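Quick notes on the structure that follows.
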Amino acid sequence: MNARAPHETRRRLKGLGVSPGIGIGTIVHFSSRGPHAFRVRIEPHQVEEELHRLKKAFHTARQQLAQMKAKLEQALGREHAYILDAHLLMLEDQQLIQEITSIIRTHRVNAEWAIKVALDRIQAIYADIKDDYLRERGSDIEDVAHRLIMTLQGDHRHRRLLPGTILATEQMLPSMMVELDPNAVVGLVARTGGWTSHAAIIARGLGVPAVVGIEALHEEIEAGMPAIVDGHAGELILNPTEEVVAQYRERQAESERLWCAVRDRIRLPTVTRDGTPITLRANIELPSEVDTIGQYGAQGIGLFRTQYLFLSSPTAPPSEHIQFTTYRRLAEACGQDGVTIRTLDWAEPEPAVSDTEPETNPALGLRAIRYSLRVPELFRTQLRAILRAAFYGRISVVLPLVSSVTEIRRTRELLHAVARELREEGLPHRADIPVGVMIEVPAAVFIADALAAEADFFSLGTNDLIQYLLAVDRDNSRVAHLYRPLHPAVLRAVKETVVAAAAAHIPVEVCGEMAAEPLQALALIGLGVRRLSMAPKTIPLMKDVIRSVDLALLENTVDRALKLVTAEEVEYLLREQWADVLSERRLKNHMKTDRRQMEERI
Ligand code: PEP
Ligand code: MG
């Protein structure tokens, strides 16, 4: 057996940076499957109490397993119950109990954390065992440890994260992002994921550096390990030396200085150097974000992803009242600039309000507007809340994943019915709010003229549009190198949409992540887009970029790009033509990390 000594290693793991910035802290392993064990420091006088909790947890776990074993024996016979004997034996293992006890005493941490540290150590040993059968026993230990942690968490006392936490997980899930405390978490790392996965979008919104697609993550990390997340370079540095930490601290300070310089200019108008105004709005996921959008110079909210309101309500969908007060709060905060509320867009495998079997192909399944129209009670509640809130401010509604005109018509019918109800009930509301459609599937691009005839505006959802146009899963790190926003098919689709909108005299806004990345955003402007919506934190720098460029140059370059046939050619041309605007050091420090990081790895 060849156990590693991970604390002695210094490792740099490569991945894809999906949220820029640098986080320096300590690894907390956040299992998306098992329970989450967080580290909590305890005072010396609390040690005995903690040991008592541990003892109780062992006792309860033994009782549970004994009961399970009895049941199993009854159902399947004695020979199948031996697995639980092994689990019971682990709970009697004095060496294990001593190890956990000593971690609690010496490190003064909570019992959950001590179990996690012991588990990680034991698992590292098991991982190195050559014999398949014996190695698999590592999962039994994990099972027992999870049981103990869950037993301990029955009282929900230790959910708090310590400041300086770097969360390491298999996959960053949106539900996990909703739960986490951005003040405590300084970095996120995951084995899988992509630039436009929702969790990455939230990480950028919260300003938490994140790196995904780190293949060797689980083999290399241990709970409690010191680490640095470099969201620019797409790297996780484990056990950094003091010199390395000092270098990264200096880079953090440099970013802060540059950020302050950019922030000073946020009150300047957003116009190109030759005078074309561009509107920059905010994408938000959590209602509380509305309080900060003003400080970044956002002109209202271009996209409120309401599914997070539903995700943070674990048992039932949020009531009409909760939705109404949330939407009203947003509308009042945005004033004349207004807010665009997107109706429920489920895209995740475990929606809080659905108890149906998981779909084989959720990206093509019953989601977004399809789901809303299938569950009209839920949709009506949301539409009622939106119309009521619209009485207090400027609200538009936008429908996700529209692929046919019928979907707008059915929504308008529901809106009429809901407005009639509200009138009869005497509740203040506004019936005639603008209704837009998200252009995010190829079908919508092909029928953009027909959709434009029935919609009040278009919102280009490039995240999904790229996924469906190129048939590349936006969450899959294995094909992240094929997810090319500047692919000729994407440019042509955007152009078609802009032309159809112009012909119908309706506005078009881009709220996908292309709007937040300077090279791509300039391409969008060159294609005729005048409204961009993005994570609020990216607005000040985008404004700087736009103010330093001539529209004529953008249009000229994009006209040439539209004649090219590969994404590489387009990227090369734009980088070369706009090098002056984009090469500045500030961009490297603040904006999206280079997508080529991923390509270089492949
Ligand atoms: C998009 O698809 O571009 C979009 C803005 O929606 P989401 O990222 O929420 O799917
Ligand atoms: Mg979308």
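The values are calculated or read from the model by the stated rules, or taken from the named source; none is laboratory data. Keep in mind that what you see is a predicted model, and the values were worked out from it rather than measured. Cβ placement follows ideal geometry from the backbone for every residue including glycine, while neighbour counts extend to all protein chains displayed. In case anyone asks, the SASA skips ligands and DNA or RNA and just uses the protein heavy atoms, side chains included. Shrake-Rupley method; radii C 1.70, N 1.55, O 1.52, S 1.80 Å.
The figures follow:
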| item | result |
| --- | --- |
| Residue list for the stretch 388-409, filter: more than 26 Å from ALA448 (Cα to Cα) and open to solvent by less than 30 Å² (accessible area, probe 1.4 Å) | ALA389, ALA390, GLY393 |
| Single condition ARG492 does not satisfy, out of (1) within 16 Å of ligand 2 (Cβ to nearest atom); (2) open to solvent by 10 Å² or more (accessible area, probe 1.4 Å) | (1) |
| Those residues of the stretch 259-305 which are out of contact with any helix residue (DSSP H, G or I) (no Cβ under 7 Å at 6 or more places or on another chain), of a type outside the set (A, V, I, L, M, F, W, C) and over 30 Å from ALA368 (Cβ atoms), in sequence order | ASP264, ARG267, PRO269, GLY275, PRO277, GLN295 |
| Conditions (1) surrounded by 17 or more Cβ atoms within 10 Å (Cβ to Cβ); (2) under 16 Å from ASP544 (Cα atoms): number failed by ALA261 | (1) |
| Residues of the stretch 408-451 that turn out to be away from ligand 1 (no atom under 16 Å from the Cβ), of a type in the set (Val, Ile, Thr) and closer than 17 Å to GLU496 by Cβ, as a count | 1 |
| Single residue of the stretch 447-478 satisfying the filter (assigned to a helix (DSSP H, G or I) and touching a Leu at 6+ places or on another chain (Cβ under 9 Å)) that is farthest from ligand 2 (Cβ to nearest atom) | SER477 |
| Residues (free of Cβ contacts under 8 Å to residues at least 24 places away in the same chain and within 16 Å of ligand 1 (Cβ to nearest atom)) located in the stretch 362-376 | PRO362, LEU364, GLY365, LEU366 |
| Cβ-Cβ under 6 Å pairs, at least 6 apart or on other chains, the stretch 437-453 side open to solvent by 30 Å² or more (accessible area, probe 1.4 Å), far side within 13 Å of ligand 1 (Cβ to nearest atom) and at pLDDT 95 or above | PRO442/TYR468; PRO442/LEU469 |
| Matching residues in the stretch 247-291 - criterion: being in contact with a strand residue (DSSP E or B) (Cβ under 9 Å, 6 or more places away or on another chain), of a type in the set (S, T, N, Q) and not assigned by TED's automatic domain parsing to the domain that holds SER548 | GLN252, SER255 |
| Single unsatisfied condition, ALA471 versus (1) within 16 Å of ligand 1 (Cβ to nearest atom); (2) buried (at least 18 other Cβ atoms within 10 Å of the Cβ) | (2) |
| Set GLU48, GLU79: member being modelled with pLDDT of 75 or more, more than 17 Å from LEU148 (Cα to Cα) and open to solvent by 80 Å² or more (accessible area, probe 1.4 Å) | GLU48 |
| The stretch 263-283, residues that are assigned to a strand (DSSP E or B) and hydrophobic (A, V, I, L, M, F, W, C) | VAL271, LEU280, ALA282 |
| Only one of ARG474, ARG430 that is touching a helix residue (DSSP H, G or I) at 6+ places or on another chain (Cβ under 7 Å) and under 22 Å from PRO507 (Cβ atoms) | ARG430 |
| Any chance ARG430 is over 19 Å from VAL529 (Cα atoms) and crowded, with 18+ Cβ neighbours inside 10 Å | no |
| Residue count for the stretch 377-407, restricted to those that are touching a Gly at 6+ places or on another chain (Cβ under 8 Å) and away from ligand 1 (no atom under 16 Å from the Cβ) | 3 |
| Residue pairs meeting the criteria (Cβ under 9 Å; at least 6 apart or on separate chains; first farther than 21 Å from LEU553 by Cβ, in the stretch 253-274; second surrounded by 13 or more Cβ atoms within 10 Å (Cβ to Cβ) and of a type in the set (Val, Ile, Thr)) | SER255/ILE22; ILE266/ILE539 |
| Output for the stretch 512-534, where each listed residue is in contact (Cβ under 8 Å) with a residue 60 or more places away in the chain and over 21 Å from PRO269 (Cβ atoms) | GLY512, GLU513, GLU517, LEU519 |
| Condition check for GLN295: modelled with pLDDT under 95 and crowded, with 20+ Cβ neighbours inside 10 Å | no |
| Residue that is of a type in the set (S, T, N, Q), within 15 Å of ligand 1 (Cβ to nearest atom) and within 25 Å of the chain's Cα centre (by Cα), where the choices are SER477, SER459 | SER459 |
| Whichever residue in the stretch 275-287 is of a type outside the set (D, E, K, R), in contact (Cβ under 8 Å) with a residue 60 or more places away in the chain and closer than 30 Å to HIS198 by Cα and, among such residues, is surrounded by the fewest Cβ atoms within 10 Å (Cβ to Cβ) | PRO277 |
| ALA316 being assigned to a loop (DSSP other than H, G, I, E, B) and surrounded by fewer than 16 Cβ atoms within 10 Å (Cβ to Cβ) | yes |
| Of residues in the stretch 390-438 being under 13 Å from ASP456 (Cα atoms) and part of a loop (DSSP other than H, G, I, E, B), the one farthest from ligand 2 (Cβ to nearest atom) | ASP432 |
| Count - residues of the stretch 546-561 that are open to solvent by 10 Å² or more (accessible area, probe 1.4 Å) and either among the β-branched types (Val, Ile, Thr) or outside any helix (DSSP H, G or I) (or both) | 2 |
